[in-house]
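Student: So that we are looking at the same thing, I have put the structure below in structure tokens.
The values are calculated or read from the model by the stated rules, or taken from the named source; none is laboratory data. Since the model is a prediction, treat every value here as computed from it, not as a measurement. Quick reminder, even Gly has a Cβ in these numbers, built from the backbone with ideal geometry, and neighbours come from all protein chains shown.
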Amino acid sequence: MTEPALLIEELHKSFGSLEVLRGIDLELAEHEVVCLIGASGSGKSTLLRCVNLLEPIDDGRIVLRGEEITARGVDVNRVRRGIGIVFQAFNLFPHMSVLENVTLGPRKALGLSRAEAEQRATELLRRFGLLDKRVDYPDRLSGGQQQRVAIVRALAMQPGLLLLDEVTSALDPELVAEVLEVIRELAAEGMTMLIATHEMSFARDVAKRVCFLDEGVILEEGPPEQIFGAPREPRTQQFLQRIIEAGRL
Amino acid sequence: MIAEVIILVTALGLAVLRSLPGPVFFPVRALAIVYADFFRGIPTILVILMLGTGMPALDIDWMPKSQVFWAVVSLVLVYTAYVSEVYRAGIESVHPSQDAAARSLGLSRFQSLRHVVIPQAVRRVIPPLLNDFIGLQKDTALVSVLGVVEVLRQTQINEAAAFNGTYYLVAATLFVAITIPLARLTDWLVARDRRRRQAGGVAA
């Protein structure tokens, strides 16, 4: 039995009196891609933010490759360097060019020299077809380009785990494909990823396992064929029914 | 002018202190708040009078006796309070998701402030910052209450000697001559930033 890349046990998180996560248990093996699906407000984003230590948790624990990262006294900056996260709204730095956006983390958090960071950034930007945009500022780019830059920014830290938080939800439909293509490529390379998404067909394609979140718990999980083909829980069936009616599956 | 540089730096420090989160920093935040309330509450002229006449009168060896020095200190104290509030508004206007993005890359709280939050905050508050500096420029006239000869006092002397009101016009022109270039400089800074962000291809 090999050690899991990520282990979440009995995770609880409340905002005031609202309990958003009510006991999440989840395990990710190395190179595994897991998709989180569920209605808005079911806790997908909060779960990802907790894993990246952007939200303090109330109870439970998160273990990353054997290290309990939610323990007291853990250097959160060091932990975050090993975990990439890409946000729904891109969150690029508007006062920096694409190249500066991508090199900021490696230079300041990893201590790379400007030349090393730029070399690493240039390679990644070239690979994802963004090299000609490197001196542009984010406002000039399309949504799809911005989100690809955000993914490159996360990859420049060479993370061992990538969290994607509804990365296509803020995009125009015709721009979704280019971003999903990048993620498929990463999955094929063996990147360990935890993905919150509303793109069901993408989840079916790329995920090894799909978890259905409902009211702060993982109600049902399994391989995509099972979740999408023969969901057991009535809530899951209901959710998927609504998705099908909306023409998104 | 020296005062302005000092104010820019100290006020930013104060604004940062006030934005520190968590109970650990409560005393620091409280001090910063008390400071801002205090020096914004007292009329500038009163601070100048108190420090300008009071401090030299204390006759403490190592302290400068110059009234000009204490007048400048007074202006710095008062304007630091105002400018720190301007900065604070700027810092709070930067969306928390920017800080989250920076922290998610493993940057420390300070690095995130330094490279992501403050650069955006400062760009947004350049116009109100200039407002305060024009105010400062004009408040140098208050120093005359100490008997220090600045523009206004010199004008009064000339006016009294020659019985000629146009000296006031000259003084007014002098003030405007300083503030207008400052205003254009601000416009230029703002426009340059906008150009940079929207037009691509500028070598960065």
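Student: What is the residue count in segment A:139-163 for residues that are crowded, with 18+ Cβ neighbours inside 10 Å and either of a type in the set (A, V, I, L, M, F, W, C) or under 19 Å from A:Ala117 (Cα atoms) (or both)?
Tutor: Result for segment A:139-163: 15.
Student: Follow-up. For A:Val33, state whether it is over 15 Å from the mean Cα position of the chain (by Cα) and on the phi < 0 side of the Ramachandran plot.
Tutor: Here the answer is no, as A:Val33 does not meet what is asked.
Student: Yes or no: A:Gln88 of a type in the set (S, T, N, Q) and within 12 Å of another protein chain (Cβ to nearest Cβ)?
Tutor: Values: of a type in the set (S, T, N, Q): yes; within 12 Å of another protein chain (Cβ to nearest Cβ): yes.
Taking the combined requirement at face value, the residue satisfies it.
Student: Still on this structure, please answer the following. Would you check which residues across segment B:30-72 are at pLDDT below 85 and either within 30 Å of B:Arg109 (Cα to Cα) or β-branched (Val, Ile, Thr) (or both) and list them?
Tutor: Hits for segment B:30-72 are B:Thr53, B:Ile60, B:Val68, B:Val72.
Student: Residues that are under 27 Å from B:Val72 (Cβ atoms) and of a type outside the set (Asp, Glu): does segment B:110-118 have at least one? Write out each step before concluding.
Tutor: So the first thing to find is which residues in segment B:110-118 are under 27 Å from B:Val72 (Cβ atoms), and the list is B:118.
Subset that is of a type outside the set (Asp, Glu): B:118.
Scanning segment B:110-118 turns up at least one residue that is under 27 Å from B:Val72 (Cβ atoms) and of a type outside the set (Asp, Glu).
Student: Another question, if that's okay. Output yes when any residue across segment A:178-195 is over 17 Å from the mean Cα position of the chain (by Cα) and among the acidic types (Asp, Glu), and no when none is. If you could, list the steps in order and put the result at the bottom.
Tutor: At the first step, the residues of segment A:178-195 found to be over 17 Å from the mean Cα position of the chain (by Cα) are none.
No, because not a single residue in segment A:178-195 is over 17 Å from the mean Cα position of the chain (by Cα) and among the acidic types (Asp, Glu).
Student: Let me ask something else. Could you check, for segment B:151-171, whether at least one of its residues is of a type outside the set (D, E, K, R), within 30 Å of A:Val98 (Cβ to Cβ) and more than 14 Å from chain A (Cβ to nearest Cβ)?
Tutor: Narrowing segment B:151-171 to residues of a type outside the set (D, E, K, R): B:151-152, B:154-158, B:160-171.
Within this subset, residues satisfying the condition of being within 30 Å of A:Val98 (Cβ to Cβ) are none.
No; the residues of segment B:151-171 include none that is of a type outside the set (D, E, K, R), within 30 Å of A:Val98 (Cβ to Cβ) and more than 14 Å from chain A (Cβ to nearest Cβ).
Student: Looking at A:Leu11, A:Leu36, A:Leu28, A:Leu6, can you tell me which residue is buried (at least 16 other Cβ atoms within 10 Å of the Cβ), touching a Gly at 6+ places or on another chain (Cβ under 7 Å) and among the hydrophobic types (A, V, I, L, M, F, W, C)?
Tutor: On the way: A:Leu36 fails: touching a Gly at 6+ places or on another chain (Cβ under 7 Å); A:Leu28 fails: touching a Gly at 6+ places or on another chain (Cβ under 7 Å); A:Leu6 fails: touching a Gly at 6+ places or on another chain (Cβ under 7 Å).
Residue meeting the stated conditions: A:Leu11.
Student: Please enumerate the residues belonging to segment A:57-105 that are farther than 26 Å from B:Val122 by Cβ, in contact (Cβ under 8 Å) with a residue 24 or more places away in the chain and assigned to a loop (DSSP other than H, G, I, E, B). I'd like the intermediate steps shown before the answer.
Tutor: Quick first cut of segment A:57-105, residues farther than 26 Å from B:Val122 by Cβ only: A:57-76, A:78-79, A:81-86, A:88.
Then drop every residue that is not in contact (Cβ under 8 Å) with a residue 24 or more places away in the chain, which leaves A:57-66, A:79, A:81-86, A:88.
Within segment A:57-105, A:Ile57, A:Asp58, A:Arg65, A:Gly66, A:Gly82, A:Gln88 meet the criteria.
Student: What are the pairs with Cβ atoms under 9 angstrom where one residue, in segment B:53-73, is on the phi > 0 side of the Ramachandran plot and the other, located anywhere, is in a helix (DSSP H, G or I) and modelled with pLDDT of 80 or more? Sequence gap at least six, or different chains.
Tutor: The qualifying pairs do not exist here.
Student: Would you check if B:Val76 is at pLDDT 85 or above and either away from chain A (no Cβ under 14 Å) or part of a helix (DSSP H, G or I) (or both)? Quick ask: steps written out before the conclusion?
Tutor: Numbers: at pLDDT 85 or above: yes; either away from chain A (no Cβ under 14 Å) or part of a helix (DSSP H, G or I) (or both): yes.
Considered against the rule, which asks whether it is at pLDDT 85 or above and either away from chain A (no Cβ under 14 Å) or part of a helix (DSSP H, G or I) (or both), B:Val76 comes out as yes.
Student: Cβ-Cβ below 8 Å, separation at least six or inter-chain, first residue in segment A:22-36 and closer than 18 Å to A:Ile183 by Cβ, second outside any strand (DSSP E or B) and basic (Lys, Arg): which pairs?
Tutor: Close Cβ pairs satisfying both conditions: A:Glu32/A:Lys208; A:Val33/A:Lys208; A:Val34/A:Lys208; A:Leu36/A:Lys44.
Student: Of the conditions (1) out of contact with any helix residue (DSSP H, G or I) (no Cβ under 7 Å at 6 or more places or on another chain); (2) surrounded by 20 or more Cβ atoms within 10 Å (Cβ to Cβ); (3) farther than 18 Å from A:Ala154 by Cα, A:Ile62 fails just one. Which one is it?
Tutor: (1)
Student: Now a separate question. Counting just the residues of segment A:101-137 that are crowded, with 20+ Cβ neighbours inside 10 Å and facing chain B (nearest Cβ under 7 Å), which one comes out nearest to the chain's Cα centre (by Cα)?
Tutor: The residue in question is A:Gly105.
Student: Determine whether B:Phe26 is surrounded by 13 or more Cβ atoms within 10 Å (Cβ to Cβ) and among the aromatic types (Phe, Trp, Tyr). Step through it out loud before you land on a result.
Tutor: Numbers: surrounded by 13 or more Cβ atoms within 10 Å (Cβ to Cβ): no; among the aromatic types (Phe, Trp, Tyr): yes.
No; evaluated as a whole, the condition is false for this residue.
Student: Quick check on A:Ile69: is it buried (at least 20 other Cβ atoms within 10 Å of the Cβ), among the hydrophobic types (A, V, I, L, M, F, W, C) and away from chain B (no Cβ under 13 Å)?
Tutor: Values: buried (at least 20 other Cβ atoms within 10 Å of the Cβ): yes; among the hydrophobic types (A, V, I, L, M, F, W, C): yes; away from chain B (no Cβ under 13 Å): no.
Answer is no for this residue.
Student: Which is crowded, with 18+ Cβ neighbours inside 10 Å and within 14 Å of chain B (Cβ to nearest Cβ), of A:Glu166, A:Glu199?
Tutor: Numbers: A:Glu199 fails: within 14 Å of chain B (Cβ to nearest Cβ).
Criteria check complete, one pass: A:Glu166.
Student: Would you point out which residue out of B:Leu58, B:Leu49 is surrounded by fewer than 19 Cβ atoms within 10 Å (Cβ to Cβ) and within 24 Å of B:Asp132 (Cβ to Cβ)? Write out each step before concluding.
Tutor: Numbers: B:Leu58 fails: within 24 Å of B:Asp132 (Cβ to Cβ).
Just one listed residue meets the conditions, B:Leu49.
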